[in-house]
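> I'd like to ask you about the structure that follows.
The values are calculated or read from the model by the stated rules, or taken from the named source; none is laboratory data. Fair warning: this is a prediction, and the values are worked out from it, not measured in the lab. Glycine gets a Cβ as well: all are built from the backbone with ideal geometry, and neighbour counts include every protein chain shown. Surface accessibility is based on the protein's heavy atoms, side chains included, excluding ligands, DNA and RNA. Shrake-Rupley method; radii C 1.70, N 1.55, O 1.52, S 1.80 Å.
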Amino acid sequence: MNFGIDRLAAAVTIVLLAAPNTSATETLRERMLRSYALDFGLVPAEETWRDVDPVLAAIGKELFESTLLSSNVDTACASCHLDRFGSADGLPVAIGVEGRSFGAERVRLGGDPQPRNTLPLWGRGGKGFDTLFWDGRVEKLQSGEIQSQYGAAAPDDDPLTVAAHLPPLQLGEMVFDRDSRFAQYEQESTSAAAAYADTIVSRLRERSDLIAQLATRSEQAETDIDYTDVAAALASFIARNFRLGTSRFHAFVFHAAPLTSEELRGGVLFYGKGQCALCHSGPYFSDLDFHTIAFPQFGFGANGFGVDYGRYNVTQNPDDLFAFRTPPLINVTRTAPYSHSGSVAKLRDAIVYHFDPLAFFSNDGSTADDREQLARRIGLWARDYPVAATLSEREIDDLVAFLGTLETESLEKVADPQ
Amino acid sequence: MSSVYKRINVLLFLCGLTLGLMIAWLGQPVFQWGVQSLFRKQFYELTASCDAAMRTHLIAKNRLDLEPSETAVRAVRSAELGLLACQDYDLLRKRLIRIGLDENALSELTLSFAEARASDLQLVVETHEFRY
């Protein structure tokens, strides 16, 4: 009997010693997190939706899954933007034409590697999501004007349509650059691109009924349908299918749904000590602006082996060297690997690089050039982060838990291309 | 009852008394030490965290004073929320006091944190220098 009371007393003591903070601070935290999320630009998911014609989007879905859009009919948008990898491809850098299968299998089977990590499509085409690609090479300016490699001749005034216009015309991504028949497009000159777009449209007309469907929908003659209509349908599909759903975090902020205490701590870190929301702000968790995080550079890079100048490639402004568009964080838990060159395999590590860029640095095999670049990028990073918040293991766990609350589902499943 | 028996009883009593005194005398420091070790890691983490949060806050305010902008305002707001780390630190102190850790032991924790990092003279100087 005595023994029982002893045990009880011991148990009570242990619970008291180990008890987490009182529930009063929990509600303070909940209140603060909700108000900070609003202050930093979160809106209900539906408020980011644009009106999209569902019929056009349905045609766009078939186009998205069709390999007819690539030069040698082996690659679809869906080859790289896969459901199972959160609409990205699960690879460090994308593998373009001549690629087969998906995921790691796709690397093993060979194909044309691309310089950048595949971006997922969540929220693209939503309101205000007007800066596209890692370097923002398609952008709708304040004036409403579209800035892109098409110059003044942008094929459309919707940035996503212009972006969807690009992939089949990017070398290697969907155009097979060693195929002599298409060698002319290597120059990426606008006229060659236009000729290529015509080829795709004719092929689609011959081998599918999609052009006919587009003509019916837009009440145009089939002969008047051009690649811009195809791109607009692709854009409609993306904007509808990958529009933001009500994530658990949305439900917490707008419908008073609960978060676990780990997620709650993570959220407070995200908007507070971690300073994450200074860049990952707004409805998409991105300021759609350009910053430098000293992630390692993987692969040959857009500017030669191991070099990617990022935003500079678009502006030619030396101030923009090594800057990349802040990636949105919707479904980020599903889109490993991370960074513009896919050099970081784990979400935890992607967070660590933000405050401790040398955490995983190894001098083995690095050249003076590599180190010079790294030092330069760390310098740029330091300007954005006057005092980096060093986070503990537990705090990183909390942040990862919080990022998990930003998962949302697509409207429909995308079929894996054959 | 034999006197031998009595004597043993007295001896036993004295032994028990000594033991009790020793436990009472030693127990308190042992208890203090136990609580310190149990919470040392967490205490250090929260101290560092609050310290960093205060520095971040100060620098964010400097920037806002020098070049006011939307971004600078947000940085200050963010740093303010970051100060919750200091609330956690305060709460841990309170909890330790409630458990029975005395002021001396608490100060010792703080000092040992400062000294743990001061592995060379320069650091010792920085820790103890008056700044104005």
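> For a distance above 17 Å, tell me the whole-number percent of Cα pairs in segment A:259-318 that qualify.
More than 17 Å apart: 59 percent of the Cα pairs in segment A:259-318.
> I need the peptides A:365-373, A:143-151 ranked by packing, meaning the mean over residues of other C-beta atoms within 10 angstrom, with the highest value on top.
The peptides rank, most packed first, as A:143-151, A:365-373.
> May I ask you to compute the full-extension gain from residue A:366 to residue A:46, defined as 0.36 nm times their residue separation minus their alpha-carbon distance, rounded to one decimal in nm?
110.4 nm
> Still on this structure, please answer the following. Hey, can you rank A:42-55, A:282-295 by average C-beta count inside 10 Å, highest first?
A:282-295, A:42-55
> Let me ask something else about it. Scan segment A:190-255 for GluC sites (Glu not before Pro) in coil per DSSP, keeping those whose Cβ has at most 15 other Cβ atoms within 10 Å, and list them by number.
A:219
> If you don't mind, there's one more thing I want to ask. For helix B:103-117, report the angle its Cα long axis makes with the longest principal axis of the Cα atoms of chain B; keep it between 0 and 90° and round to the nearest 10°.
That helix lies at roughly 60 degrees to the long axis.
> Could you work out how far the C-alpha centroid of segment A:242-278 sits from that of segment A:199-220, in angstrom?
Cα centroid of segment A:242-278 versus Cα centroid of segment A:199-220: 44 Å apart.
> Further question: Chain pair A, B: how much accessible area is buried, both chains summed, with a 1.4 Å probe, in Å² to 100?
Buried area between the two chains comes out at roughly 2100 Å².
> Hey, which of these cross-link pairs are over 31 Å Cα-Cα: A:346/B:94; A:346/A:413; A:61/A:273; A:140/B:61; A:346/B:61; A:273/B:41?
Check vs 31 Å cut-off fails for A:346/B:94; A:61/A:273; A:140/B:61; A:346/B:61.
> How tilted is helix B:3-66 with respect to the longest principal axis of chain B? Cα atoms for both, answer in degrees (0 to 90, nearest 10).
Roughly 0 degrees between the two axes.
> Can you check what the net charge comes to around residue A:116, using other residues whose Cβ is under 9 Å from the Cβ of residue A:116 (Lys, Arg +1; Asp, Glu -1)?
My count for the surroundings of residue A:116 gives -2.
> Note the full-extension length gain between residue B:28 and residue B:54 as 0.36 nm times their separation in residues minus their Cα-Cα distance, in nm to one decimal.
This chain segment gains 5.9 nm when fully extended.
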